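The structure appears below as structure tokens.
The values are calculated or read from the model by the stated rules, or taken from the named source; none is laboratory data. Keep in mind it's a predicted model, so treat the numbers as computed, not measured. Using ideal geometry, Cβ is built from the backbone for each residue, glycine included, and neighbour counts are taken over all protein chains shown.
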Amino acid sequence: MADLLTHYRAGAAFDEMVDAEGAVRPSYRAVHATLDRSSPAELKQIAESLANNYVQAGVTFDVGGVERPFPLDLVPRVIASSEWDTIEAGVAQRVRALEAFLADVYADARVIADGVIPSQLITSSTHYHRAVWGVQPGNGVRIHVAGVDLIRTPEGDVRVLEDNVRVPSGVSYVMTNRSAMITALPDAFANQRIRPVAGYPQHLLAALRKAGEPITDNPTVVVLTPGVYNSAYFEHTLLARTMGVELVEGRDLECRRGKVFMRTTAGLQRVDVVYRRVDDEYIDPVHFRSDSMLGVPGLVNAVRTGGVVLANAIGNGVADDKLIYTYVPDLIRYYLGEQPVIANVDTWRLEDAAAREEVLDRLDELVVKPVDGSGGKGIVIGPRATPAELDALRARVLADPRGWIAQPVVQLSTVPTLIDDQLEPRHVDLRPFAVNSGDEVWVLPGGLTRVALPAGELVVNSSQGGGSKDTWVLSATAHRTPAEPEEPAATVVEEVPAAPEPPPVPARPPAPPTLGRLPPMVPLRLGQGQRQEQRQGTGAPQVQRQQEEQQQADAPAGPGSTSC
Amino acid sequence: MRLNIDHQTGFRYASPVKSSYNEARMTPAATEHQTIWSSRVSIEPAAWSFSYTDYWGTRVTSFELHEPHERLTVSAQTVVDTHGDDLTWDTDRRVAPGDLGWPALRDRGVIDKMAEYLTVNRRTAPSAELAALAAEVADRPPRLAALDVCAILGARLRYERGSTEVTSAAEQVWELGRGVCQDYSHVALGALRSIGLPARYVSGYLHPGPREPNTTVTGESHSWIEWWCGSWVAYDPTLGRRLTDSYVRVGHGRDYGDVAPLRGTYSGGSSEMFVTVGLTELG
Amino acid sequence: MLSRIAESMFWIGRYVERAEDTSRLLQTHLRLMAEDTASETDACRNLLALMSVADVEHPTPEDLLRVLGYDAGEPTSIFACWAAARDNARRAREVIPLALWECINTTWHQLPSGRFRTARAHTYLDWAQERSALFTGLARGTMVRDDGWEFMMLGRSLEQVDMISRLVASASLRTGSTQWPSVLRGCGGYDAFLRTYRGLHTDREAAQFLILDDRFPRSIMHGLTAAADCLRRLTTTSGQTALQSEFPARALGQLRARLEFADVGELLEDLDSEMTWVQDVAARVTAAVANNYFTAEDPTAWITEGTR
């Protein structure tokens, strides 16, 4: 039935499926056809089965201790093959530039001596950790996993919104979304070649093992998690499971004499590579927060003496600092000698007179941020500010033009999303994931598409009512038409985590057998044996709070107008 | 003068500690004012250790203990030749030819490069009163302004042990009116930075006198400051004078936290610190 | 495997077994009381005492159902057992098979739905036993027989030994010849007993069956043998020195020998203290296993101090 799509209209933003005239874009033809054929009831059923699958399998997102199902919308986001090539190259380029940048600022800082960026940008960053200055990772890689957030402007350009090179998360949803979709919409996969995503854990493991090669031929890799109360715990377990490595918490590890060990039933076992999902501030009470219960004392010593590799390295935060973001195109030119493949969101540095004039003219339309600010202080969002606030801002900018930048409020592109049995456009962004093995930067085809579910909402952060979509990167080979009777979903032969099955319904119990009359029990003395109840260590409120606090750096940050 | 320094410091724990991770910054570095002949750090009980040079250029000995112990002792022994600052610029109130003026110090590029030494934190933030007093003397050349700022705090503070702690902040110290060299240095840093003079914290040793060859004198782990007005100028705010050859420099940082002689992280109960420094002029 | 995970597996085994035994026990008692309400309060109190719950004043069947059945706040309830099992399973999620996790997760999701309070108690208890049985079946069918499996079965066996010994001890304080049937029913062995002993059901045979008959999967002897086997296989794979693992194996072996070669009549006469001894051994073995395999540092506070 064509009902669902006849009323679908793109808004002011770029719609991924239909253009301004309402014509369906080539990459979306198959999806459009499938949607066109389906009735609202059918779609609703698919949506419900997707939701149920996730609840039963425990694919949830922890918000403040409450597990909520992570909404997966059934309409995928589709990316044409040629466009993906550009995105892939752009993401890889950014990772390479930031790698060079990190190696530089934790050593000689040529980039400062050559005047490319001001020294203050580094020295005033709270993520610039002097405790790891001078440390060189074994194979030179600091950004083993990166998540580069991309958006599409109303003009149709893809831009980088933000780099995430500390503890980027969300890749587990990419994999579970894919396996859920394969189960729910097998026909869609039958009609097109879509690049698989299940290879991610193998790529990551290979990169981690490569990082451990300077230490030993057969490195032992572990995943370090803050614990069950962390919002991304599901991802930690999934990655450990699909890579086939141990999942550990801080207290399972011990650092002695620059080597790291884990406590097993067979005694202490050496660990060579730690894929750590614990923030820098918590990772080692010796050099960082001394009250941290999630880290391992002595870890920085072990990193410095080369006894262990941390992925990602400590101190990466200086590279995804929002202030450095404005300089990344310059860093690409400086370190790689290349032009940026994907541009930043337009940013005006207000020390430039022409830029300043334009910005001050449109102050109520733009987002103005202090260059020297941190933690979002001093950011003014034009459309939401009062005239008095804007006047004050104007004065501050004129007094110190060097200290401000401005960005437009970006209208993210939209994709049809099932809202109350209707398909409506909702804003999306994209976070592709890149794995750096040292030899190459591999980008997972697609990535996490986050969608803001409330109408018009631009903030897609999952903790504020967001959801996700499966992301399909079409293969370079031609689409298969339904006429070709090849194996259907077999092209997507992936070792995906098995699609969760519906829970077995408890059977109707049989009628209880009749019993002969039995005398009551007489009073009994209490037994001596101790009923051993177990208190789990993680119940301690402080540990739980620290695990939850990790959320800030770990959760996929939302873009939108308040990107700070 | 040629000096032998014996610096012993450590912790006494209330109950045995099974595991501790420590860093010692007790190794003087060669500068234009001092030459190092030998320098050795030893630890008791025996520990696994390694050395590296940190971000501030200070030599660090990092060590771990994994056997239960109730007492940790780090001993650093150094033989060094020191040369003092012979020009009597402080008593003569003389500006050096290479000194920059205030406009140069306010240059964007300078502020950018010196940002770390212009930022104050909890430890160094000056009280409003001190900042106002410092602003009053900021009308003269930077070097002289710095001298006068130090004079202000020298007049206000009295040297006294035991009234402050390792974690005390400059504002508290100013209110209290008393402190040790670490406190004088923090107060001075905050005041100087507030008038736009980059300044850094220096850690080292001081031979208090009397000067008698081959006699061991009890000295101290001392701290002073350096400000920048075109070059780094060393000055001792506690004693109110420029450096003589009685000073041995270990390293510098933004405040005490960047150059603490010994820092230890352990799991357990309470600890008590001890420090003894013996200096011998080698004749 | 990680000490922490081994510990989780051990407790999963114990908690799921505890949930099963509790539900069976509760069901038996409710049936008994349905037929004889004369000393209902006593009967309820007895059951609570057996489960080491002492703080309910005048217990009614509703209290029983609440304390031992669905009250999330009561540590002895079936609900609490499944919640604890899930908590442990969540932390060991990457080790246990997906089907097993889903079994625990689904059970836990359906427990607090509240409908069990209004529905017939027996529906709830049957369902609870089924879930435990499902768990055991899935574990048997999907788990690799590695250390995780051994620890889980070790926990299960020790819990079983503990529970059955309490039940058997309860038979020692009654007079009359009809005490044993209720005990047999309480551990689901009445029919099996009848089949095994074909008509010869005296106290002696019943005691023999429940304590010594290795072929009955819920006898004490069976549990001790299973626990000892788990320990033996763990020692082989963990590479621990003989000295470390000696104590628990020896303790179990000694207890088995003691029971095996005891005169059943003597056992019957001193049933209460014999069963107490069994519980003691189970507790000490648990402590020794924890000490040998599970030692993990408690999250301690790290203090940083500096010297001037």
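Table for the structure above
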{"item": "Residue that is more than 12 Å from residue A:447 (Cβ to Cβ) and away from every other protein chain (no Cβ under 14 Å), where the choices are A:183, A:126", "result": "A:183"}
{"item": "Near pairs, Cβ below 6 angstrom, 6+ apart or cross-chain, from segment A:101-123 (over 17 Å from residue B:116 (Cβ atoms) and of a type outside the set (Gly, Ala, Ser)) to any residue that is at pLDDT 95 or above and surrounded by 21 or more Cβ atoms within 10 Å (Cβ to Cβ)", "result": "A:101/A:331; A:102/A:142; A:104/A:111"}
{"item": "Pair list, Cβ < 7 Å and 6+ apart or interchain, from segment C:1-19 residues that are more than 9 Å from chain A (Cβ to nearest Cβ) to residues that are of a type in the set (Lys, Arg)", "result": "C:13/C:156; C:17/C:156"}
{"item": "Identity of the residue in segment B:267-278, part of a strand (DSSP E or B) and either surrounded by fewer than 21 Cβ atoms within 10 Å (Cβ to Cβ) or modelled with pLDDT under 90 (or both), that ends up farthest from the other protein chains (Cβ to nearest Cβ)", "result": "B:278"}
{"item": "Check on residue C:94, crowded, with 19+ Cβ neighbours inside 10 Å, within 9 Å of chain A (Cβ to nearest Cβ) and modelled with pLDDT of 80 or more", "result": "no"}
{"item": "Yes/no for residue C:276 being among the β-branched types (Val, Ile, Thr) and at pLDDT 85 or above", "result": "yes"}
{"item": "Residue B:173 vs. criteria free of Cβ contacts under 8 Å to residues at least 24 places away in the same chain and either in contact with a strand residue (DSSP E or B) (Cβ under 8 Å, 6 or more places away or on another chain) or surrounded by 24 or more Cβ atoms within 10 Å (Cβ to Cβ) (or both)", "result": "yes"}
{"item": "Complete set of residues in segment B:68-107 that are part of a loop (DSSP other than H, G, I, E, B), in contact (Cβ under 8 Å) with a residue 40 or more places away in the chain, acidic (Asp, Glu) and out of contact with any helix residue (DSSP H, G or I) (no Cβ under 8 Å at 6 or more places or on another chain)", "result": "B:85"}
{"item": "Residue that is nearest to the other protein chains (Cβ to nearest Cβ) [pool: residues in segment B:67-104 that are touching a Gly at 6+ places or on another chain (Cβ under 6 Å) and surrounded by 13 or more Cβ atoms within 10 Å (Cβ to Cβ)]", "result": "B:74"}
{"item": "Tally, over segment B:241-257, of residues that are within 14 Å of another protein chain (Cβ to nearest Cβ) and farther than 22 Å from residue B:118 by Cβ", "result": "1"}
{"item": "Qualifying residues in segment A:231-262 (those that are surrounded by fewer than 21 Cβ atoms within 10 Å (Cβ to Cβ), touching a helix residue (DSSP H, G or I) at 6+ places or on another chain (Cβ under 7 Å) and within 14 Å of chain B (Cβ to nearest Cβ)) - the one nearest to residue C:9 (Cα to Cα)", "result": "A:259"}
{"item": "Criterion (surrounded by fewer than 23 Cβ atoms within 10 Å (Cβ to Cβ) and more than 14 Å from chain C (Cβ to nearest Cβ)) met by exactly one of A:320, A:280, A:346, A:291", "result": "A:346"}
{"item": "First in segment B:108-128 and more than 7 Å from chain A (Cβ to nearest Cβ) and surrounded by 18 or more Cβ atoms within 10 Å (Cβ to Cβ), second anywhere and among the aromatic types (Phe, Trp, Tyr) and assigned to a helix (DSSP H, G or I), Cβ under 7 Å, 6 or more apart", "result": "B:123/B:256; B:127/B:174"}
{"item": "Any hit, segment B:187-201, residues being over 25 Å from residue B:54 (Cα atoms) and within 14 Å of chain C (Cβ to nearest Cβ)", "result": "no"}
{"item": "Condition broken by residue C:247, with the remaining ones in (1) assigned to a helix (DSSP H, G or I); (2) in contact with a helix residue (DSSP H, G or I) (Cβ under 8 Å, 6 or more places away or on another chain); (3) farther than 30 Å from residue A:293 by Cα; (4) modelled with pLDDT of 90 or more satisfied", "result": "(4)"}
{"item": "Considering residues of segment C:35-52 that are more than 9 Å from chain A (Cβ to nearest Cβ) and among the hydrophobic types (A, V, I, L, M, F, W, C) only, the residue surrounded by the most Cβ atoms within 10 Å (Cβ to Cβ)", "result": "C:44"}
{"item": "In segment B:2-45, the residues that are over 15 Å from residue B:62 (Cα atoms), part of a strand (DSSP E or B) and more than 23 Å from the chain's Cα centre (by Cα)", "result": "B:12, B:13, B:14, B:15, B:16, B:17"}
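So that you can scan it fast, the table gives a plain yes or no per residue for (1) at pLDDT below 80; (2) under 28 Å from residue A:227 (Cβ atoms); (3) facing chain A (nearest Cβ under 8 Å):
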{"position": "C:61", "(1), (2), (3)": "yes, no, no"}
{"position": "C:106", "(1), (2), (3)": "no, yes, yes"}
{"position": "C:115", "(1), (2), (3)": "yes, no, no"}
{"position": "C:120", "(1), (2), (3)": "yes, no, no"}
{"position": "C:132", "(1), (2), (3)": "no, yes, no"}
{"position": "C:141", "(1), (2), (3)": "no, no, no"}
{"position": "C:150", "(1), (2), (3)": "no, yes, no"}
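For (1) in a helix (DSSP H, G or I); (2) hydrophobic (A, V, I, L, M, F, W, C); (3) buried (at least 23 other Cβ atoms within 10 Å of the Cβ), each residue gets a yes or a no:
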residue	(1), (2), (3)
C:55	no, no, no
C:62	yes, no, no
C:68	yes, yes, yes
C:74	no, no, no
C:83	yes, yes, no
C:122	yes, no, no
C:134	yes, yes, no
C:137	yes, no, no
C:140	yes, no, no
